[in-house]
Each structure stands twice: as structure tokens, then as C-alpha cells.
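Student: Pasting a structure here, questions to come.
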Amino acid sequence: MSKTASAMETLILHLTKLPSVGRKTAERLAFHLLRAPKEDALALAEAIRAMRERIRRCSICGNITEDDPCLICRDERRRSDVVCVVEDPMDIVAFEKSEAFEGVYHVLDGCLSPLQGITASDLRIDSLEKRAREGSVQEIILATNPSVEGEATALYLSRLLEPHVKKITRIGLGVPMGGSLEYADARTLKKALEGRTKVE
Ligand SMILES: [Zn+2]
């Protein structure tokens with residue numbers, strides 16, 4: 001049984017659920033929050049609450065947003081006929097930092113993974129197909145991660161969308177195989193976009 005006071009212990013347990021936070025780090029963070037000015041600690045709690053209450057998904061692209069549709073889908077200066085397909089909303093953040101893309105996005109919420117039991121119906125593929133079927137999409141850029149699953153997903157989508165879209169492309173090399181787009185720097189992503197090739 002831990003000797004730590006129970007409110008402290010509860011916080012530590014919640015912190016250990018965060019990625020790359022082990023027990024030791026969680027303890028350090030909890031004691032930091034205890035020593036910090038009370039308003040700072042409460043502001044953090046409030047920021048978490050507000051984020052969870054206000055953030056939702058864009059009904060068009062699946063991006064995270066406070067207003068639906070999201071800012072990107074609503075921006076008339078962007079090319080709504082060029083759709084970049086990504087696995088995760090965090091990939092949009094990475095592409096936007098590169099300032100190399102002026103189209104719109106579609107978030108899949110993952111990629112096909114038979115080993116983990118993730119099939120097409122678990123992903124936002126129906127809504128992507130619907131967008132493609134509507135006929136106004138000129139190009140679909142498949143920007144799934146350069147992993148085995150990401151490549152398989154890109155191939156699956158290219159076959160599925162082929163009848164509806166004239167040009168289907170895959171982002172170029174430069175993002176290392178097995179890597180994740182969210183960790184790629186802006187320059188690498190810009191090059192990957194510029195080096196995209198038509199899927200035959
Ligand atoms: Zn959107």
C-alpha cells in the first residue's frame with residue numbers, strides 16, 4: 001500500500017496513463033503541481049476540461065476543431081478539389097507547418113491492420129469514398145505513414161477510389177520507412193509532397 005495521500009496517489013495514477021510517463025516522472029509532476037501556484041495548477045485542470053468539452057471532429061474531413069466544419073474546410077482560398085488523406089489529425093498539424101499544401105484533408109483515424117483486427121469499416125473510409133464519388137475531387141494524395149500497414153492502406157484506397165478520381169498520388173520518399181509523418185520535419189514533408197507520384 002502506498003503511503004502517499006490518496007488525492008496525490010489518484011493524480012499520480014492518472015499521470016502514469018500518459019504516453020512516456022512512468023511512475024517516477026508521474027510522482028515528480030504531481031509534486032511539481034502541488035508546489036506550483038494553486039492558480040497555475042487549476043488553470044491546467046481547466047485547460048484539459050475546456051479542451052475535452054470544446055474540441056470535436058470536423059464533419060467533412062475529421063480534423064479536430066471547435067467549429068464544424070473546420071477552418072481548413074471553410075477556407076475558400078484552399079483547393080477543395082485536392083484531398084490529402086492522412087491517418088491522424090496530428091499529421092495535419094505536421095503538413096500545415098510545412099506550408100507546402102494548399103488543398104484539404106481527410107483523416108482516416110488509423111490504417112488497415114489485419115494483425116490488430118482493424119478493417120476498412122473501422123476507418124473513415126466510407127466518408128472518403130463519398131467525397132470522391134461526388135465528382136469534384138481532382139486529386140487524392142495518399143499520405144498514410146510509410147509503414148507496412150500504411151503502404152497497404154494506400155494501395156487499398158487507390159484501388160477503391162480509382163473509378164471516381166482521375167489522379168491518385170502517393171507522397172514521395174524522404175519520410176523514412178517505418179517512420180511516422182507526425183515526427184517528420186516541415187522540409188521533409190514539403191519534399192515528400194513535391195515528390196509525390198501517380199499510383200498506377
Ligand atoms: Zn475539416
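Student: Test of understanding: among SER147, SER127, which residue is within 17 Å of the chain's Cα centre (by Cα) and farther than 19 Å from CYS61 by Cα?
Tutor: Going through SER147, SER127 in turn, the sole match is SER147.
Student: Could I ask something else about it? Just checking, does the stretch 36-47 include any residue being under 30 Å from ALA152 (Cβ atoms) and not hydrophobic (A, V, I, L, M, F, W, C)?
Tutor: No - not one qualifying residue is present in the stretch 36-47.
Student: How many residues are away from the ligand (no atom under 16 Å from the Cβ), of a type in the set (Ser, Thr, Tyr) and open to solvent by 10 Å² or more (accessible area, probe 1.4 Å) when one looks only at the stretch 108-127?
Tutor: 2
Student: Kindly indicate whether ARG49 is open to solvent by 70 Å² or more (accessible area, probe 1.4 Å) and more than 30 Å from ASP67 (Cβ to Cβ).
Tutor: Considered against the rule, which asks whether it is open to solvent by 70 Å² or more (accessible area, probe 1.4 Å) and more than 30 Å from ASP67 (Cβ to Cβ), ARG49 comes out as no.
Table: residues versus (1) of a type outside the set (S, T, N, Q); (2) part of a helix (DSSP H, G or I).
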{"site": "ASP40", "(1), (2)": "yes, yes"}
{"site": "LEU44", "(1), (2)": "yes, yes"}
{"site": "ALA47", "(1), (2)": "yes, yes"}
{"site": "ALA50", "(1), (2)": "yes, yes"}
{"site": "SER59", "(1), (2)": "no, no"}
{"site": "GLY62", "(1), (2)": "yes, no"}
{"site": "SER80", "(1), (2)": "no, no"}
{"site": "CYS84", "(1), (2)": "yes, no"}
{"site": "ALA94", "(1), (2)": "yes, yes"}
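Student: With respect to ASP91, determine if the residue is more than 10 Å from the ligand (Cβ to nearest atom), modelled with pLDDT under 95 and acidic (Asp, Glu).
Tutor: yes
Student: Considering only residues that are within 16 Å of the ligand (Cβ to nearest atom) and of a type in the set (Asp, Glu), look in the stretch 24-75 and name the one that is farthest from the chain's Cα centre (by Cα).
Tutor: So the residue we want is ASP75.
Student: A further question follows. Please tell me if LYS191 is modelled with pLDDT under 95, away from the ligand (no atom under 16 Å from the Cβ), among the basic types (Lys, Arg) and out of contact with any Gly (no Cβ under 6 Å at 6 or more places or on another chain).
Tutor: Criteria not met by LYS191.
Student: If we scan the stretch 99-107, do we find a residue that is farther than 25 Å from ARG159 by Cα, outside any strand (DSSP E or B), open to solvent by less than 70 Å² (accessible area, probe 1.4 Å) and outside the structural domain of GLU162 (by TED's automatic domain parsing)?
Tutor: There is no residue in the stretch 99-107 that is farther than 25 Å from ARG159 by Cα, outside any strand (DSSP E or B), open to solvent by less than 70 Å² (accessible area, probe 1.4 Å) and outside the structural domain of GLU162 (by TED's automatic domain parsing).
Student: Let me ask you something else. Go through (1) open to solvent by 60 Å² or more (accessible area, probe 1.4 Å); (2) more than 10 Å from the ligand (Cβ to nearest atom); (3) touching a residue at least 12 places away in the same chain (Cβ under 8 Å) for VAL82 and report which single condition fails.
Tutor: With respect to (1) open to solvent by 60 Å² or more (accessible area, probe 1.4 Å); (2) more than 10 Å from the ligand (Cβ to nearest atom); (3) touching a residue at least 12 places away in the same chain (Cβ under 8 Å), VAL82 is out only on (1).
The values are calculated or read from the model by the stated rules, or taken from the named source; none is laboratory data. Treat the numbers as computed from the prediction; the structure is a model and nothing was measured. Virtual Cβ from ideal backbone geometry, glycine too; neighbours counted across all protein chains shown. What goes into the accessible areas is simple: the full protein's heavy atoms, side chains included, and nothing from ligands, DNA or RNA. Shrake-Rupley method; radii C 1.70, N 1.55, O 1.52, S 1.80 Å.
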